[in-house]
Every structure is written in structure tokens, then in C-alpha cells.
Amino acid sequence: MSANTMKPNSKENANDTKPSKASSNWLTSISFWLMILSSVAIGLYAFAFQAGLQGGAGSHARFAESPIFSSMHVIGGGIVIVAGGFQFWSKLRRDHINIHRWLGRIYLTFVLVGGVGGLVLSPNAEGGLVANFGFGMLAVLWLFSGWQAYACIRRGDIASHKSWMMRNFSMTFGAVMLRVYLGLFAVAGVDFVDSYPTVAWIAWVPNLILVEWYLALKSAKQKPQGNVAAA
């Protein structure tokens, strides 16, 4: 086959990839902003709950048993989930690095505040021992990943910092998924008491697994190819 007959095919192949790439970018953008909007909504709900404008009487009574740690968890978690998603906005990191850094400081400070509050509250969470352990493990890993993200950026390891921040925010986003799963169980006719122990785990564990999978795939792609040429 001549070179002339090959050129049209090459152009066609290049043109074929453009729509698929554009569609992928569009879907990524929509997913990102849905994440931001849902996170901000839950954060605002947390602030309204703390102010007594949202939430049932039973929830407020239970949180009133440990007012300091409850406030730490609710307010700290609310600030974290509102600020966290914006840290993955490439335009913010590229054009407004100082804002990104200050948001990061605020985020990690309130991970500490909210994580300590959540850890103290976890033994008294609804749902029995399974839920207690699920929320307790979440608090421990949330605090640990936040510390790792901080330690990495302090020593200038940006790549590892980003990976730990992704892990941390995947658990932060559990506040959104918890409400999603509770709604789905309610629609399916499952009582809150029966669903809550399960939701205490599935609200964040699948998120973390997906992030680990993504990081593993990314690492595999970046790994240099071995020298396959004969010595």
C-alpha cells in the first residue's frame, strides 16, 4: 500500500479520537462539579444542624450528651467537606496557588478537629458495635491520612501529598455517600436501624478502594519500561 493511501486513514483515526476525548473531558468536568455541589450541600447542612435548624430532636439530644466533641465533629467536618473538593481543582492550583495552600491548611486543621471529635463520638454512634467500629476506623484512618498528607507536603513530596489528600477526601466524601445510601435503603424499605451498621462501612470503604485502584493504575502507567533489547 502506498504512502498516499495511508494518509487519509491516519487523519480519520486522529479525528475519531477527538470526540471520545472531548466526551471524556466533559464527563470528568460534570462529575467534578457534582462532587463539589454535593459536598458543599452537606457542609451547609452540617452548619445548619449545629445551629439547630436541621436534624431531628433525637439526633440533637444524642449530640448534646457530648457537646464539645459533637461540635468539633460537626463544624470540623462541615468546613472540611466544603473546602476539600476545591483542592482538586487544577485551575485553582495553577492560577491561585496561595489560595490552594491556605485552603489546604484550613482543611488539614479541621480534619484534626473533626477527626478527634468523631473518634470520641464513635463508641456511642447508633447502629451497635458494627457501626461503632466502622465510624471509629473511619476516624482513625481519616486522621492518619491527614497527617501523612501534611508530612509529605512539609518535606516537599508533592506527588505523595496529592495521593494522601485523595485518600483523605475519599473518606471525607463518605458524609455525602452516607446520606445517599441511607436514602437508597429507605426507598428499598429497609429500616434505619437495620441499614445504619452497613452504611457505617459502605459510605467510605468503597470510596477508598476506588482511590487506591486509581493510584495503582496511575503508578503502573508511570512506571518506566524495562530495557527489552538484547544485551
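The values are calculated or read from the model by the stated rules, or taken from the named source; none is laboratory data. In this text, all values refer to a predicted model and were calculated from it rather than measured experimentally. Note that we place each Cβ from the backbone using ideal geometry, even for glycine, and neighbour counts take in every protein chain shown.
Points worth noting:
- Taken over the stretch 19-32, the criterion of being at pLDDT 85 or above and over 13 Å from the mean Cα position of the chain (by Cα) is satisfied by I30 alone.
- Residue in the stretch 64-72 that is in a helix (DSSP H, G or I), modelled with pLDDT under 95, out of contact with any Gly (no Cβ under 7 Å at 6 or more places or on another chain) and acidic (D, E) present: no
- Exactly one residue out of G146, G118, G104 is surrounded by 16 or more Cβ atoms within 10 Å (Cβ to Cβ), more than 16 Å from the chain's Cα centre (by Cα) and not hydroxyl-bearing (S, T, Y): that is G118.
- Complete set of residues in the stretch 156-187 that are over 21 Å from N207 (Cβ atoms), touching a helix residue (DSSP H, G or I) at 6+ places or on another chain (Cβ under 9 Å) and part of a loop (DSSP other than H, G, I, E, B): D157
- Within the stretch 149-181, restricting attention to residues that are over 15 Å from the mean Cα position of the chain (by Cα) and surrounded by fewer than 17 Cβ atoms within 10 Å (Cβ to Cβ), the residue that is nearest to V80 (Cα to Cα) is A151.
- Looking only at the stretch 188-200, and only at residues there that are part of a helix (DSSP H, G or I) and either β-branched (V, I, T) or under 30 Å from S90 (Cα atoms) (or both), the one that is modelled with the lowest pLDDT: V193
- Single match in V130, V140 (criterion: over 23 Å from A64 (Cβ atoms), surrounded by fewer than 18 Cβ atoms within 10 Å (Cβ to Cβ), touching a Pro at 6+ places or on another chain (Cβ under 6 Å) and of a type in the set (A, V, I, L, M)): V130
- In the stretch 123-136 there is at least one residue matching the filter, namely being part of a helix (DSSP H, G or I), polar (S, T, N, Q) and within 22 Å of H60 (Cβ to Cβ).
- Close contacts from the stretch 198-216, counting a first residue that is touching a residue at least 12 places away in the same chain (Cβ under 8 Å) and farther than 12 Å from N168 by Cα and a second that is part of a helix (DSSP H, G or I) and among the hydrophobic types (A, V, I, L, M, F, W, C), with Cβ to Cβ under 6 Å and a gap of 6+ residues or different chains, come to V199/L178; V199/L182; A200/A131; A200/F135; A203/M177; A203/L178.
- Out of I97, I75, sole residue that is surrounded by fewer than 21 Cβ atoms within 10 Å (Cβ to Cβ), modelled with pLDDT of 95 or more and over 25 Å from A216 (Cα atoms): I75
- Number of positions in the stretch 182-192 that are surrounded by 13 or more Cβ atoms within 10 Å (Cβ to Cβ) and of a type in the set (F, W, Y): 1
- Test for L112: is it in contact (Cβ under 8 Å) with a residue 12 or more places away in the chain, out of contact with any helix residue (DSSP H, G or I) (no Cβ under 6 Å at 6 or more places or on another chain) and crowded, with 16+ Cβ neighbours inside 10 Å: yes
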